[in-house]
Amino acid sequence: MKAQTGLSDKARETLGKLLNDLLADAHVLYVKTRNYHWNVTGPHFHELHKVFQAQYEDLEGEIDEIAERGRALGVKAEATLADFLKRARLKEHAGHPPDAKTMLTSLLADHETLARQLRKDVETSEKNDDPGTADFLTGLLEAHEKTAWMLRATLEA
């Protein structure tokens, strides 16, 4: 049954693609962060192990919210690993885990990339007369900006 939320089919299609792309990015970032949590070493191990855990736990909740926002709009979540890797704009860090500083730098770049993309996505949502999705994405934007700030501050230490 088609959702009757006041969005045109074209808007629903546009927003569905946007949300599924974001879902893929969030999964790639989640897996990368979890990988770093498991594999971080060095003098700041305990601190970074906890930081990465908090970040992947936040991402886990975000992933569910992104998929559910799409479903609320009547869009199927494209949620296989193949879908994620095909759609994601963020890249995995395959191979041997990097040193702790590189981990932090990589995560910082990804959160900043998502913040820039989310700004565009908020604008797209507004252009498609969907203030609910715009508001939802604004909240995600704020969360990624905060995480980026914390990672930057950690790197400055």
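The values are calculated or read from the model by the stated rules, or taken from the named source; none is laboratory data. Predicted model only: the values in this text are computed from it and were never measured. Glycine also receives a Cβ, built like all others from the backbone with ideal geometry; neighbour counts cover every protein chain displayed.
Name the single residue that is nearest to LYS146 (Cα to Cα) among those in region 53-75 being over 13 Å from the mean Cα position of the chain (by Cα) and touching a residue at least 40 places away in the same chain (Cβ under 8 Å).
Among residues in region 53-75 that are over 13 Å from the mean Cα position of the chain (by Cα) and touching a residue at least 40 places away in the same chain (Cβ under 8 Å), the one nearest to LYS146 (Cα to Cα) is ARG69.
Please determine whether any residue of region 41-57 is under 30 Å from GLY6 (Cβ atoms), among the charged types (D, E, K, R) and at pLDDT 95 or above.
Within region 41-57, none of the residues are under 30 Å from GLY6 (Cβ atoms), among the charged types (D, E, K, R) and at pLDDT 95 or above.
Among helices (runs of 4 or more DSSP H) lying entirely in region 67-157, which contain 3 or more residues that are aromatic (Phe, Trp, Tyr), buried (at least 19 other Cβ atoms within 10 Å of the Cβ) and at pLDDT 95 or above?
none
Does region 6-26 contain any residue that is of a type in the set (Ser, Thr, Tyr), buried (at least 19 other Cβ atoms within 10 Å of the Cβ) and in contact (Cβ under 8 Å) with a residue 12 or more places away in the chain?
Checked region 6-26: no residue is of a type in the set (Ser, Thr, Tyr), buried (at least 19 other Cβ atoms within 10 Å of the Cβ) and in contact (Cβ under 8 Å) with a residue 12 or more places away in the chain.
Please find, within region 38-52, the residue that is farthest from the chain's Cα centre (by Cα) out of those that are among the aliphatic types (A, V, I, L, M) and part of a helix (DSSP H, G or I).
My answer is LEU48.
Kindly indicate the residue of region 27-37 that is in contact (Cβ under 8 Å) with a residue 40 or more places away in the chain and more than 14 Å from the chain's Cα centre (by Cα) and also surrounded by the most Cβ atoms within 10 Å (Cβ to Cβ) among those meeting that condition.
The residue in question is TYR36.
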